[in-house]
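For reference, the structure is listed below as C-alpha coordinates.
The values are calculated or read from the model by the stated rules, or taken from the named source; none is laboratory data. Note that the structure is predicted; figures quoted are calculated from it, not measured. No Cβ is skipped: glycine too gets one built from the backbone with ideal geometry, and neighbour counts run over all protein chains shown. When the accessible area is computed, the model is the full protein with side chains, heavy atoms only, and any ligands, DNA or RNA have been set aside. Shrake-Rupley method; radii C 1.70, N 1.55, O 1.52, S 1.80 Å.
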Amino acid sequence: MVTIAACQELHQDWLKSLAGATGGRTFSTHESEWVWLPARRQLVLLYPQRIAPAGIRPGLAEGMRLGAQSVSVWLNNAVSYAPLEAFGFRRGPQPMWMSAPVSAPMQYSAAPAAVDPEPAEVSGPDAEELAAGRGHPRTGWHVTTRSEGTLTGRAWVFVPSQQAQQEQRRLREEAEQRRQRDRTAAAADRPAAGRAAPEEPPARRKPASGSLGGVFGLAVGPSSRRRGYGTALLSRAAAVAAAAGADRLAINAAPLGAELCAARGFELIGRGQQLTLDLR
(Lines give C-alpha, C1' and ligand atoms only; values in the text may rest on other atoms or scores of the structure.)
Protein backbone atom coordinates (compact mmCIF):
# COMPACT_ATOMS: atom_id res chain seq x y z
CA MET A 1 0.00 0.00 0.00
CA VAL A 2 1.31 3.46 -0.93
CA THR A 3 1.28 5.97 1.93
CA ILE A 4 1.20 9.76 1.79
CA ALA A 5 4.62 9.70 3.49
CA ALA A 6 6.00 7.65 0.58
CA CYS A 7 4.47 10.11 -1.91
CA GLN A 8 6.01 13.06 -0.11
CA GLU A 9 9.43 11.41 0.05
CA LEU A 10 9.22 10.72 -3.69
CA HIS A 11 8.36 14.38 -4.30
CA GLN A 12 11.33 15.50 -2.21
CA ASP A 13 13.63 13.19 -4.16
CA TRP A 14 12.30 14.59 -7.45
CA LEU A 15 12.87 18.22 -6.42
CA LYS A 16 16.38 17.41 -5.20
CA SER A 17 17.11 15.63 -8.47
CA LEU A 18 15.80 18.64 -10.41
CA ALA A 19 18.00 20.98 -8.38
CA GLY A 20 21.05 18.81 -8.90
CA ALA A 21 20.51 18.68 -12.66
CA THR A 22 20.17 22.45 -13.03
CA GLY A 23 23.00 23.73 -10.84
CA GLY A 24 20.90 24.16 -7.72
CA ARG A 25 21.48 22.75 -4.27
CA THR A 26 19.88 21.64 -1.03
CA PHE A 27 20.63 23.03 2.41
CA SER A 28 19.25 22.81 5.93
CA THR A 29 18.41 25.32 8.64
CA HIS A 30 16.86 24.62 12.04
CA GLU A 31 14.27 21.83 11.45
CA SER A 32 13.95 22.96 7.82
CA GLU A 33 15.23 21.45 4.58
CA TRP A 34 15.38 23.63 1.47
CA VAL A 35 15.91 23.15 -2.27
CA TRP A 36 17.14 25.91 -4.55
CA LEU A 37 15.82 25.69 -8.14
CA PRO A 38 17.88 28.24 -10.05
CA ALA A 39 16.07 27.87 -13.40
CA ARG A 40 12.91 29.20 -11.77
CA ARG A 41 14.62 31.43 -9.21
CA GLN A 42 12.57 29.49 -6.68
CA LEU A 43 13.32 28.33 -3.15
CA VAL A 44 11.34 25.35 -1.82
CA LEU A 45 10.86 24.25 1.78
CA LEU A 46 10.35 20.48 1.90
CA TYR A 47 7.75 19.01 4.24
CA PRO A 48 8.92 20.25 7.66
CA GLN A 49 7.49 18.32 10.60
CA ARG A 50 6.78 21.64 12.25
CA ILE A 51 7.34 25.27 11.32
CA ALA A 52 10.27 26.67 13.28
CA PRO A 53 10.77 30.44 12.84
CA ALA A 54 14.42 29.89 13.80
CA GLY A 55 14.74 27.85 10.61
CA ILE A 56 12.52 29.99 8.36
CA ARG A 57 14.40 33.25 8.87
CA PRO A 58 17.87 32.02 7.81
CA GLY A 59 16.33 30.00 4.99
CA LEU A 60 14.62 33.07 3.54
CA ALA A 61 17.81 35.09 4.01
CA GLU A 62 19.75 32.51 2.01
CA GLY A 63 17.06 32.56 -0.66
CA MET A 64 17.37 36.34 -0.97
CA ARG A 65 21.14 35.99 -1.24
CA LEU A 66 20.72 33.44 -4.05
CA GLY A 67 18.30 35.72 -5.90
CA ALA A 68 15.04 33.86 -5.29
CA GLN A 69 11.94 35.50 -6.72
CA SER A 70 9.51 33.15 -5.01
CA VAL A 71 9.35 30.62 -2.19
CA SER A 72 7.13 27.54 -2.04
CA VAL A 73 6.40 25.42 1.00
CA TRP A 74 5.06 21.86 0.80
CA LEU A 75 3.42 20.59 3.97
CA ASN A 76 1.77 17.48 5.28
CA ASN A 77 -1.87 18.27 6.01
CA ALA A 78 -1.30 17.62 9.73
CA VAL A 79 1.27 20.43 10.07
CA SER A 80 -0.01 23.88 11.07
CA TYR A 81 0.85 26.53 8.50
CA ALA A 82 -0.14 29.43 10.78
CA PRO A 83 3.46 30.46 11.64
CA LEU A 84 4.18 30.93 7.94
CA GLU A 85 1.51 33.60 7.63
CA ALA A 86 3.60 35.87 9.84
CA PHE A 87 6.26 35.77 7.10
CA GLY A 88 3.72 36.70 4.40
CA PHE A 89 3.05 33.22 2.96
CA ARG A 90 -0.35 32.58 1.37
CA ARG A 91 -2.10 29.27 0.82
CA GLY A 92 -2.40 27.89 -2.68
CA PRO A 93 -4.68 25.16 -4.11
CA GLN A 94 -4.70 22.04 -1.96
CA PRO A 95 -2.70 19.29 -3.71
CA MET A 96 -4.15 15.80 -3.79
CA TRP A 97 -1.86 12.78 -3.62
CA MET A 98 -3.17 9.92 -5.72
CA SER A 99 -1.76 6.50 -6.60
CA ALA A 100 -2.43 3.63 -8.96
CA PRO A 101 -0.76 0.39 -10.05
CA VAL A 102 1.10 1.01 -13.31
CA SER A 103 -1.26 -1.45 -15.00
CA ALA A 104 -4.29 0.82 -14.46
CA PRO A 105 -3.42 3.78 -16.75
CA MET A 106 -1.51 1.51 -19.13
CA GLN A 107 -4.75 -0.03 -20.37
CA TYR A 108 -5.60 3.24 -22.14
CA SER A 109 -4.08 4.38 -25.44
CA ALA A 110 -0.70 6.08 -25.25
CA ALA A 111 -0.45 6.58 -29.00
CA PRO A 112 -0.15 10.41 -29.01
CA ALA A 113 2.54 10.34 -26.27
CA ALA A 114 6.25 9.53 -26.43
CA VAL A 115 9.46 10.05 -24.49
CA ASP A 116 10.76 13.35 -25.87
CA PRO A 117 13.96 14.47 -24.14
CA GLU A 118 14.64 17.64 -26.19
CA PRO A 119 11.40 19.16 -27.56
CA ALA A 120 12.27 22.21 -29.64
CA GLU A 121 9.21 24.17 -28.48
CA VAL A 122 10.16 24.11 -24.80
CA SER A 123 11.98 27.24 -23.69
CA GLY A 124 12.98 29.23 -20.60
CA PRO A 125 13.10 27.46 -17.24
CA ASP A 126 11.32 24.41 -18.69
CA ALA A 127 14.14 23.99 -21.23
CA GLU A 128 16.83 24.29 -18.54
CA GLU A 129 15.10 21.61 -16.50
CA LEU A 130 15.25 19.14 -19.39
CA ALA A 131 18.68 18.36 -17.96
CA ALA A 132 16.86 16.24 -15.37
CA GLY A 133 16.41 13.64 -18.11
CA ARG A 134 20.12 13.28 -18.81
CA GLY A 135 21.35 11.92 -15.47
CA HIS A 136 23.20 8.68 -14.89
CA PRO A 137 21.77 6.47 -13.59
CA ARG A 138 18.68 7.57 -15.46
CA THR A 139 15.84 8.53 -13.14
CA GLY A 140 13.84 11.12 -15.12
CA TRP A 141 12.02 10.92 -18.46
CA HIS A 142 10.30 13.79 -20.25
CA VAL A 143 7.11 12.77 -22.07
CA THR A 144 5.11 14.81 -24.55
CA THR A 145 1.94 14.54 -26.62
CA ARG A 146 1.57 15.97 -30.11
CA SER A 147 -1.10 16.55 -32.71
CA GLU A 148 0.13 16.77 -36.31
CA GLY A 149 3.58 17.60 -34.97
CA THR A 150 2.40 20.35 -32.61
CA LEU A 151 3.13 20.03 -28.90
CA THR A 152 -0.09 19.61 -26.92
CA GLY A 153 1.04 18.39 -23.48
CA ARG A 154 3.98 17.30 -21.37
CA ALA A 155 4.88 15.54 -18.12
CA TRP A 156 7.84 14.17 -16.17
CA VAL A 157 8.23 10.58 -15.04
CA PHE A 158 10.56 10.03 -12.08
CA VAL A 159 11.71 6.65 -10.74
CA PRO A 160 14.61 6.84 -8.27
CA SER A 161 17.33 4.28 -8.81
CA GLN A 162 17.98 1.87 -5.97
CA GLN A 163 21.29 3.62 -5.33
CA ALA A 164 19.57 7.01 -5.23
CA GLN A 165 16.88 5.70 -2.89
CA GLN A 166 19.50 4.37 -0.50
CA GLU A 167 21.41 7.65 -0.56
CA GLN A 168 18.28 9.73 0.03
CA ARG A 169 17.29 7.42 2.89
CA ARG A 170 20.72 7.92 4.46
CA LEU A 171 20.47 11.69 4.11
CA ARG A 172 16.98 11.74 5.64
CA GLU A 173 18.16 9.68 8.60
CA GLU A 174 21.11 12.02 9.13
CA ALA A 175 18.80 15.06 8.95
CA GLU A 176 16.47 13.48 11.52
CA GLN A 177 19.41 12.80 13.82
CA ARG A 178 20.44 16.47 13.55
CA ARG A 179 16.91 17.59 14.36
CA GLN A 180 16.82 15.30 17.38
CA ARG A 181 20.14 16.69 18.63
CA ASP A 182 18.78 20.25 18.21
CA ARG A 183 15.66 19.36 20.23
CA THR A 184 17.74 17.76 22.97
CA ALA A 185 20.06 20.78 23.14
CA ALA A 186 17.11 23.17 23.24
CA ALA A 187 15.47 21.16 26.05
CA ALA A 188 18.71 21.22 28.03
CA ASP A 189 18.81 25.03 27.81
CA ARG A 190 15.32 25.48 29.30
CA PRO A 191 14.88 26.13 33.03
CA ALA A 192 14.31 22.88 34.91
CA ALA A 193 10.87 23.92 36.21
CA GLY A 194 9.50 24.44 32.73
CA ARG A 195 11.37 21.72 30.94
CA ALA A 196 9.24 19.49 28.76
CA ALA A 197 9.97 15.81 28.31
CA PRO A 198 12.25 15.22 25.30
CA GLU A 199 10.37 14.34 22.14
CA GLU A 200 10.56 10.73 21.08
CA PRO A 201 12.15 10.28 17.66
CA PRO A 202 9.54 9.36 15.05
CA ALA A 203 9.24 5.68 14.22
CA ARG A 204 11.17 4.76 11.09
CA ARG A 205 8.80 4.41 8.18
CA LYS A 206 8.45 0.98 6.68
CA PRO A 207 9.18 1.07 2.94
CA ALA A 208 6.22 0.44 0.70
CA SER A 209 6.26 -2.83 -1.17
CA GLY A 210 7.67 -2.54 -4.68
CA SER A 211 9.07 0.60 -6.27
CA LEU A 212 7.12 3.84 -6.54
CA GLY A 213 7.37 6.11 -9.58
CA GLY A 214 6.05 9.64 -9.83
CA VAL A 215 4.36 11.78 -12.47
CA PHE A 216 5.16 15.46 -12.03
CA GLY A 217 4.32 18.63 -13.93
CA LEU A 218 1.65 17.05 -16.12
CA ALA A 219 0.05 19.78 -18.23
CA VAL A 220 -2.04 19.94 -21.40
CA GLY A 221 -2.53 23.16 -23.34
CA PRO A 222 -5.95 24.82 -22.85
CA SER A 223 -7.00 24.34 -26.47
CA SER A 224 -6.04 20.63 -26.37
CA ARG A 225 -7.89 19.55 -23.25
CA ARG A 226 -10.56 16.85 -23.21
CA ARG A 227 -9.11 15.28 -26.35
CA GLY A 228 -7.30 12.35 -24.73
CA TYR A 229 -3.85 13.89 -24.31
CA GLY A 230 -3.91 13.79 -20.51
CA THR A 231 -4.89 10.12 -20.67
CA ALA A 232 -2.09 9.41 -23.16
CA LEU A 233 0.46 11.12 -20.90
CA LEU A 234 -0.63 9.02 -17.92
CA SER A 235 -0.57 5.83 -19.99
CA ARG A 236 2.89 6.49 -21.44
CA ALA A 237 4.19 7.58 -18.02
CA ALA A 238 2.99 4.31 -16.52
CA ALA A 239 4.73 2.29 -19.25
CA VAL A 240 7.99 4.21 -18.75
CA ALA A 241 7.80 3.78 -14.98
CA ALA A 242 7.11 0.07 -15.35
CA ALA A 243 10.13 -0.35 -17.63
CA ALA A 244 12.24 1.41 -14.96
CA GLY A 245 11.09 -1.08 -12.32
CA ALA A 246 8.15 0.69 -10.67
CA ASP A 247 4.98 -1.19 -9.92
CA ARG A 248 2.94 1.80 -8.73
CA LEU A 249 2.60 5.44 -9.70
CA ALA A 250 1.99 8.52 -7.56
CA ILE A 251 0.80 11.90 -8.79
CA ASN A 252 0.27 15.20 -7.02
CA ALA A 253 -2.96 16.23 -8.71
CA ALA A 254 -4.44 19.69 -8.75
CA PRO A 255 -8.19 19.78 -8.10
CA LEU A 256 -8.92 20.09 -11.84
CA GLY A 257 -6.73 17.09 -12.69
CA ALA A 258 -7.98 14.81 -9.94
CA GLU A 259 -11.11 13.90 -11.91
CA LEU A 260 -9.06 12.66 -14.87
CA CYS A 261 -6.70 10.69 -12.61
CA ALA A 262 -9.61 9.07 -10.77
CA ALA A 263 -11.14 8.03 -14.09
CA ARG A 264 -7.84 6.38 -15.08
CA GLY A 265 -7.46 4.20 -12.02
CA PHE A 266 -5.86 6.52 -9.45
CA GLU A 267 -7.12 6.54 -5.87
CA LEU A 268 -6.85 9.38 -3.40
CA ILE A 269 -4.13 8.75 -0.78
CA GLY A 270 -4.34 12.03 1.09
CA ARG A 271 -4.26 15.81 0.80
CA GLY A 272 -1.44 18.19 1.43
CA GLN A 273 -0.81 21.90 1.68
CA GLN A 274 1.17 24.32 -0.44
CA LEU A 275 2.00 27.90 0.43
CA THR A 276 3.82 30.56 -1.58
CA LEU A 277 5.65 33.81 -0.95
CA ASP A 278 6.44 36.32 -3.69
CA LEU A 279 9.80 38.03 -3.12
CA ARG A 280 9.70 40.34 -6.16
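With the condition kept exactly as written, say whether any residue in the stretch 266-273 is farther than 30 Å from PRO83 by Cβ, charged (D, E, K, R) and either open to solvent by less than 10 Å² (accessible area, probe 1.4 Å) or within 17 Å of the chain's Cα centre (by Cα) (or both). Working first, answer last.
Initially, the stretch 266-273 is screened for residues farther than 30 Å from PRO83 by Cβ, giving 266-267.
Filter once more, so that each one left must be charged (D, E, K, R): 267.
From what is left, the residues that are either open to solvent by less than 10 Å² (accessible area, probe 1.4 Å) or within 17 Å of the chain's Cα centre (by Cα) (or both) are none.
No, that holds for no residue.
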**Complete:** Counting only residues that are crowded, with 17+ Cβ neighbours inside 10 Å, charged (D, E, K, R) and at pLDDT below 95, the stretch 20-54 contains a total of 1
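Of all residues in the stretch 68-78, which are assigned to a loop (DSSP other than H, G, I, E, B) and at pLDDT 95 or above? Spell out the reasoning first.
Step one: list which residues in the stretch 68-78 are assigned to a loop (DSSP other than H, G, I, E, B), which gives 68-69, 77-78.
Hits for the stretch 68-78 are ALA68, GLN69.
Listed here are the residues, each with its yes/no results for (1) of a type in the set (D, E, K, R); (2) at pLDDT 95 or above.
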{"position": "ALA238", "(1), (2)": "no, yes"}
{"position": "ALA242", "(1), (2)": "no, yes"}
{"position": "ALA253", "(1), (2)": "no, no"}
{"position": "CYS261", "(1), (2)": "no, yes"}
{"position": "GLU267", "(1), (2)": "yes, yes"}
{"position": "LEU275", "(1), (2)": "no, yes"}
**Asked** Taking the stretch 70-98 on its own, how many of its residues are open to solvent by less than 20 Å² (accessible area, probe 1.4 Å) and in contact with a Leu (Cβ under 9 Å, 6 or more places away or on another chain)?
**Response** 8
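Looking for whichever is open to solvent by 50 Å² or more (accessible area, probe 1.4 Å) and over 17 Å from TRP97 (Cβ atoms) here; the options are ALA254, ALA232, ALA239, ALA243. Which one fits? Talk me through it step by step, then tell me what you get.
Values: ALA254 fails: over 17 Å from TRP97 (Cβ atoms); ALA232 fails: open to solvent by 50 Å² or more (accessible area, probe 1.4 Å); ALA239 fails: open to solvent by 50 Å² or more (accessible area, probe 1.4 Å).
So the residue among ALA254, ALA232, ALA239, ALA243 that is open to solvent by 50 Å² or more (accessible area, probe 1.4 Å) and over 17 Å from TRP97 (Cβ atoms) is ALA243.
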**Fill in**
Only one of LEU218, LEU277, LEU249, LEU260 is part of a strand (DSSP E or B), open to solvent by 10 Å² or more (accessible area, probe 1.4 Å) and in contact with a helix residue (DSSP H, G or I) (Cβ under 7 Å, 6 or more places away or on another chain), namely LEU218
**Prompt:** Quick one: LEU130 ticks every box in (1) without any contact (Cβ under 8 Å) to a residue 24 or more places away in the chain; (2) open to solvent by 40 Å² or more (accessible area, probe 1.4 Å); (3) part of a helix (DSSP H, G or I) bar one, so which box is it?
**Reply:** (2)
**Fill in**
Filtering the stretch 109-123 down to residues that are open to solvent by 70 Å² or more (accessible area, probe 1.4 Å) and under 19 Å from GLY265 (Cβ atoms) yields SER109, ALA111
